[in-house]
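Take a look at the structure set out below.
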Amino acid sequence: MSLTAHDCAALDAADPLHATRAQFCLDDAEVYLDGNSLGVLPVATAPRLAEAAQAEWGRGLIRSWNTAGWIDQPQRVGNKIARLVGAAGGTLIAADSTSINLYKVLCAAALAQSTEPGRRVILSERANFPTDLYIAESVARQYGLTLVLLDSETIDAALASHLNANVAIVMLTHVNYRTGRMQDMAAVTRRVQAAGALMVWDLAHSAGAVPVDLTTADADFAVGCGYKYLNGGPGAPAFAWVNPRHAALPQPLSGWMGHAAPFAFDTAYAPAPGIDRYLCGTPSVLALAALECGVDTVLSAEALGGMLAIRAKSLALTSLFMQLMQTRCTTFNFTCVTPDNPAERGSHVSYTTTLDGYAIMQALIARGVIGDFRAPDILRFGFTPLYTRYIDVWRAVDALAAVMTQHEWREARFQQRAAVT
Ligand SMILES: Cc1ncc(COP(=O)(O)O)c(C=O)c1O
């Protein structure tokens with residue numbers, strides 16, 4: 001029997017995370033299911049940005065690099081993110097974009113493997129996020145390696161046929177951006193390293209969404225995104241993590257902020273010890289201030305059970321969504337591409353459609369339910385346990401059923417493609 005709106009409201013009333021929603025600027029008339037693409041603005045962010053602009057920049061001016069702690073922001077915010085992904089303090093830095101950080105860590109990994117001339121392959125998935133593949137292709141070209149893309153649905157089968165003595169690096173996204181499929185980080189890492197390759201993880205759809213333990217998994221490198229589940233704002237700085245055993249490797253973007261003594265103004269580059277060398281240019285102070293507010297919203301859940309509580313609610317939300325879709329939207333030919341098995345599911349759920357998925361999503365957004373569309377045929381719905389309610393899930397499916405039964409998506413206004421989908 002299908003759950004009712006009343007049942008969902010009761011789930012919200014009993015939700016141990018129900019109070020965290022108040023930390024976000026949300027319009028209760030809308031349902032926001034796109035925190036996997038752009039997290040919601042935290043209430044604390046605008047006043048913090050005003051303070052950073054008016055007091056720190058406006059009045060403090062150049063002094064604020066020292067007096068307002070600007071110079072330590074990448075490390076301070078990095079250490080906060082570290083708590084969410086099982087990384088030790090001093091091993092993770094907040095800086096640049098995910099794409100740029102991926103370039104840095106892939107080059108470091110390629111260099112580490114250059115003593116193994118037989119290892120000529122970077123292995124990834126064809127279904128990986130395009131920027132990961134573009135960057136890997138470029139690193140492969142630079143180091144004379146070959147990028148090989150796995151096609152298989154399950155990583156296990158793909159690794160069985162491709163993981164051999166030629167592989168230098170395996171680079172995977174922990175939670176796939178389209179399907180929401182989550183890899184077993186510890187098992188895959190073990191397998192890759194047993195074959196003599198280095199393991200690089202993209203945590204863009206994991207950090208703040210699912211429990212991650214980089215230290216226990218003993219991965220080699222990881223990167224991740226600040227503007228999704230970390231609520232850092234549009235274009236927020238990303239992060240890079242390096243296993244301490246690789247700390248002595250150089251990264252290629254040898255900018256002055258990664259120098260051991262930036263204000264010595266030496267002519268010769270000498271990398272800073274540890275993760276600080278993964279800085280390149282001047283930190284984006286205002287963007288880091290916003291990211292810190294976003295990360296703090298996730299850390300605020302530590303007192304309520306932390307990432308385990310977030311994970312429990314995430315699975316409850318995604319399961320409820322899949323169940324309601326099954327009972328209310330079966331006749332519309334949506335195919336769920338997200339694993340049923342909770343252990344293989346991240347925090348978003350996706351459906352393919354043979355109809356015009358872009359128009360369907362636009363019609364849904366017009367009804368105040370915001371998800372996104374990923375070409376060619378994916379409707380994607382993200383669930384952020386800090387602010388998504390069970391009643392939102394019910395309202396989303398109810399609205400989608402209405403969009404379909406009333407053929408709203410066929411209206412011409414929903415067919416006009418915007419630049420960002
Ligand atoms: C898995 C994954 N990696 C990387 C990126 C891009 O990151 P950035 O724009 O910070 O380079 C995204 C963006 O959505 C993503 O989903």
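The values are calculated or read from the model by the stated rules, or taken from the named source; none is laboratory data. Not measured: the values here are computed from a predicted model. Cβ: placed from backbone, ideal geometry, glycine included. Neighbour counts: every protein chain shown. Accessible surface areas use protein heavy atoms only, side chains included; no ligands, DNA or RNA. Shrake-Rupley method; radii C 1.70, N 1.55, O 1.52, S 1.80 Å.
Details
- For the chain, the fraction of C-alpha pairs farther apart than 42 angstrom is 15 percent.
- Whichever lysines have a C-alpha closer than 28 Å to that of Lys104, once near sequence neighbours (fewer than 8 apart) are set aside: Lys80, Lys228
- Taking the inverse of the mean 1/r over every pair of distinct Cα atoms in the stretch 158-217 gives a Kirkwood hydrodynamic radius of 12.1 Å.
- Annotation: extensible slack from His407 through Thr115 equals 99.0 nm (criterion: 0.36 nm per residue apart, minus Cα-Cα distance).
- Förster radius 22 Å - calculated FRET efficiency between Trp256 and Arg76 (Cβ-Cβ, nearest 0.05): 0.65
- Across the accessible surface of the chain, with the other protein chains kept in place and a 1.4 Å probe, carbon and sulfur atoms take up 58 percent.
- FRET E, pair Thr146, Ala270, Förster distance 22 Å, beta-carbon r, rounded to 0.05: 0.10
- Degrees separating the helix 73-84 axis from the principal Cα axis of the chain, which is the longest one: 50 degrees
- Extension gain, Ala343 to Arg190: 0.36 nm times the residue separation minus the Cα-Cα distance gives 53.3 nm.
- Inter-label distance, nm, simple model (7 Å from Cα along the C-beta direction), His246/Gln326: 4.0 nm
- Efficiency of FRET between Thr335 and Ala14 - r from beta-carbon atoms, R0 35 angstrom, step 0.05: 0.60
- Of the chymotrypsin sites (Phe, Trp or Tyr not before Pro) found in the stretch 244-337, the ones in coil according to DSSP and having at most 12 other Cβ atoms within 10 Å of their Cβ are Phe265.
- Computed about its Cα centre, the charge dipole of the chain is approximately 420 debye, with only Lys, Arg, Asp and Glu carrying charge at their Cβ.
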